[in-house]
Amino acid sequence: MTADLEVHMFPCLSDNYGFLVHDPENDLTACIDTPDARAILAELDRNGWTLTHIFNTHHHGDHAGGNLEVKRATGCTIIGNGNDAKRIPGIDVTVTDGDSFDFGGHAVHVLETPGHTIGHIVYHLPDQSVAFVGDTLFAMGCGRLFEGSAEQMWRSLSRLRAWPDDTVIYCAHEYTLANARFALSVDANNKALIERMEEVAAKRRVERPTVPTRIGLERATNPFLRADVPEFVEAMGMTGRDPVDVFAETRRRKDSF
Ligand code: ZN
Ligand code: FE
């Protein structure tokens, strides 16, 4: 019997989340990205866990900026995208699209999701129904297109959308309320979205996290996953248009919302 993994989430910086993934059986602990080295080391301490790995999603400072300090303090192994290795400080093990590695008896699948950055990767643990998606997918949102094209990002998001409905999605930022406001502006008649807005607003009023989310809920309410859904395309006034164009226009409107 392989023990289930424990995920410990904590706020970092102004709106990031840090994550520790702990395997109690083999005493392994990974952190997903390193938004804030001191916060990560403090959370490890508090849980009595020893860090063994960092899984990096992409090179941005609020994701890999604490790599070297955390590695210096713990001697952990840093895993990241081999195609972006030059930008991942302290990288030890390179992975790429389609790779799978073992973490405490659980398979960790790696998908390349270019769009936010060219070298962005996400980590999916199918037997735990859990995924760490960095800045590719947010609750009712997606990452800004800093390096990739709309076509690349649409393809990336389409792959995440294909995961089972109950897949728990840990995204790296608490952007949910702002994302929900935008989503309602382009998808005003979506009942699931209207309902979700109320839940999200209630949670944020008392400063509770809205992360994690689930892919089934995102499929129903996230405008960036709906570029090929007829009701959404119609709401955008783009009936008959290619999903890539609809996605690109949605992203453009969000950028200036
Ligand atoms: Zn980023
Ligand atoms: Fe970020």
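The values are calculated or read from the model by the stated rules, or taken from the named source; none is laboratory data. Small disclaimer: the values here were computed from a predicted structure and weren't measured. Here the Cβ positions follow ideal geometry from the backbone for every residue, glycine too, while neighbour counts run over all protein chains shown. Accessible surface is based on the protein model in full, side chains and every heavy atom, while ligands, DNA and RNA are left aside. Shrake-Rupley method; radii C 1.70, N 1.55, O 1.52, S 1.80 Å.
Table for the structure above
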item: Heavy-atom accessible area ranking, 1.4 Å probe, most first, across LYS71, LYS191, LYS86; result: LYS86, LYS191, LYS71
item: Whole-angstrom gap from the stretch 6-68 to the stretch 174-239, using each part's C-alpha centre; result: 28
item: Fraction of beta bridges assigned by DSSP in the chain that are antiparallel (%, nearest 5); result: 70
item: Assigned charges on the beta-carbon of Lys, Arg, Asp, Glu; the stretch 80-188 dipole about Cα centre (debye); result: 340
item: For the stretch 133-188, with +1 on Lys and Arg beta carbons and -1 on Asp and Glu, the positive-most of SER158, MET140, CYS171 along the dipole; result: SER158
item: Degrees between helix 150-161 axis and first principal axis of the chain (Cα, 0 to 90, nearest 10); result: 70
item: Carbon and sulfur %, accessible surface of the chain computed with the full protein complex present, 1.4 Å; result: 48
item: Theoretical FRET efficiency, 1/(1+(r/R0)^6), r = Cβ-Cβ of ASN189 and ASP255, R0 22 Å, to 0.05; result: 0.40
item: Two-decimal Rg/Rh across the stretch 90-208, once Rg and the Kirkwood Rh are taken from alpha-carbon atoms; result: 1.01
item: Two-decimal log10 I(q)/I(0) for the stretch 143-247, as the Debye equation yields it once each C-alpha is a single scatterer, q = 0.10, 0.17, 0.20 Å⁻¹; result: -0.28, -0.84, -1.16
item: FRET E, pair ASP127, HIS8, Förster distance 22 Å, beta-carbon r, rounded to 0.05; result: 0.70
item: Rule-of-thumb Rg ratio for the chain [Cα; 2.2 N^0.38 Å; N residues]; result: 0.99
item: 10 Å-binned pair-distance histogram of the stretch 38-80 (Cα, whole percent); result: 28, 60, 12
item: Accessible surface of SER14 - all protein chains present, 1.4 Å probe, nearest 10 Å²; result: 110
item: Charge dipole (debye, nearest 20) of the stretch 147-225; +1 at Cβ of Lys and Arg, -1 at Cβ of Asp and Glu; result: 80
item: Hull volume in cubic angstrom per residue (convex hull over the Cα atoms of the stretch 37-110); result: 86
item: Nearest-20 debye value, the stretch 121-257 charge dipole, Cβ charges on Lys, Arg, Asp, Glu; result: 280
